[in-house]
Amino acid sequence: MALNLEELGIAPAGLDAVRPFAVEELDVRGRAIAFGPVLDSILGRHDYPEPVSRLLAEAIVLTGLLGTSLKFDGRFTLQTQTEGPVSMLVVDFASPDAIRACATFDGDRVHALMEAGKATPEALLGHGHLAMTIDQGQHMQRYQGLVELDGISLEEVARRYFERSEQIPTEVRLGVGELYTRKEGEGHARSWTAGGILIQFLPEAPERLRQADIDPGDAPEGTTPHEVEEDDAWVEAKVLVDTVQDDELTDPEVSVEMLLFRLFHERGVRLFDPQPLADKCRCSREKIEGVLAGFSAEEIEEVTVNGRIEVTCEFCNATYDFER
């Protein structure tokens with residue numbers, strides 16, 4: 001079935017925007033995102049190996065889906081700390097639309113995995129933890145949730161976070177790709193693209209929030225977890241989202257509206273206003289000068305080279321130069 005958004009009076013969200021939606025017949029709410037130039041700009045300024053860029057792109061997509069759900073002015077930060085080849089990912093979202101990201105990695109270990117054909121996101125992350133931090137601003141308490149990283153994907157991280165910390169059944173699909181285009185006389189050009197969809201089961205009746213597997217807790221070792229039947233509506237929604245292919249999430253010709261129509265047209269999907277995202281860094285000369293002002297004389301001496309201090313932002317690569 002073809003989808004003509006103009007006939008329906010719907011303006012496409014386009015690239016670099018999150019589209020909130022609801023499938024009311026299934027008691028599901030969610031968000032879908034398609035990244036283009038913003039993602040390409042963030043990754044393009046860093047000379048990361050291809051698998052590291054892909055992993056960071058997944059984290060950017062997940063942060064875009066989660067950060068734009070904030071109902072107040074604040075910040076949402078996703079950060080990993082692990083013993084893996086990619087020891088740290090940081091993606092920072094500041095409402096209403098600013099997103100920035102960077103990665104720390106061991107180049108030798110990453111290239112070793114690449115040569116062995118084993119540079120999967122799970123292998124790159126290794127073991128450690130992922131923190132999701134919500135900062136509502138001055139005079140407000142920060143909230144932080146932790147998820148153990150034990151060889152799991154970022155999709156599984158999101159599922160565990162919501163099921164354990166907020167007890168909300170959640171399903172996530174993330175996809176990252178590269179586009180190769182060729183212009184007459186200019187050769188090939190490469191750009192990054194990515195997308196994602198997140199759904200959550202939020203029925204009005206709390207007794208419908210049943211989990212498929214209940215941990216046996218303190219029962220003797222070897223006890224089989226109890227199994228209960230999941231709600232049919234949630235089973236249907238999960239099955240539909242599980243059918244989403246990577247090329248549906250990364251093809252710029254497949255809009256988020258088209259994807260949602262493919263998944264839920266039989267049930268009906270309600271679309272809410274899209275929320276655009278922008279490649280913005282919060283660094284400034286004034287902020288860095290304020291940090292340096294708190295350094296001791298010894299610390300200032302350590303960072304001074306030929307009478308000058310040079311500071312480079314790890315997020316946007318902007319360089320600030322100061323006299324000693």
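We did not get these values from a lab; they are worked out from the coordinates using the rules stated. Just so you know, these numbers come straight off a predicted model, no measurement behind them. Heads up, the Cβs are rebuilt from the backbone with ideal geometry, glycines too, and the neighbour counts pull from every protein chain shown.
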Sort by residue number and report every cysteine in the chain with no other cysteine beta carbon within a distance under 4.7 Å. Cys102
Max mean-square fluctuation residue, GNM over the chain, Cα-Cα springs under 10 Å, options Glu257, Glu50, Glu298: Glu298
Subtracting the Cα-Cα distance from 0.36 nm times the residue separation, let me have the gained length for Arg270 to Glu122 in nm, one decimal. 49.8 nm
Sequence of Val23, Val256 once ranked by neighbouring C-beta atoms within 10 Å, starting from the fewest: Val23, Val256
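Relative to the present Cα-Cα distance, how much length would full extension add between His111 and Lys280 at 0.36 nm per residue of separation?
Roughly 57.8 nm would be gained on extension.
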Kirkwood-based Rg over Rh for segment 283-324 (C-alpha set), two decimals? 0.95
If R0 = 25 Å, then Ala98 and Arg160, at their Cβ-Cβ distance, give a FRET efficiency to the nearest 0.05 of 0.40
Roughly how many whole Å is it from the C-alpha centroid of segment 48-62 to that of segment 67-107? 11
Please grab the % of Cα pairs in the chain that end up more than 31 Å from each other. 39
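Once fully extended, how much extra length lies between Val239 and Ile300, figured as 0.36 nm per residue of separation less the alpha-carbon to alpha-carbon distance? Mind showing how you got there, number by number?
Values: separation 61, 0.36 × 61 = 21.96 nm, distance 5.76 nm.
Between Val239 and Ile300, full extension yields 16.2 nm more.
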At 222 nm, what value in deg cm²/dmol follows for the chain if DSSP H runs of at least 4 each add -39500 (n - 2.57) and the sum is divided by all its residues, to the nearest 500? -7500 deg cm²/dmol
So which DSSP H runs in the chain come out at 20 Å plus along the axis (Cα) with average Kyte-Doolittle of at least 0.0? 50-67
Highest-fluctuation residue, Lys287, Lys118, Lys238 considered, GNM on the chain with Cα pairs under 10 Å: Lys287
Straight distance only, please: which aspartates and glutamates reach the Cα of Lys71 with their own Cα at less than 13 Å, same-chain residues fewer than 8 apart left out? Asp97, Asp135
What FRET efficiency comes out for His129 versus Glu178 if R0 is 30 angstrom and r is the Cβ-Cβ distance? Round to the nearest 0.05. 0.55
Under 15 Å Cα to Cα from Lys287, which aspartates and glutamates show up? Leave out anything in the same chain fewer than 8 places away. Glu310, Glu314, Asp321
Roughly what % of DSSP beta bridges within the chain run antiparallel, to the nearest 5? 95
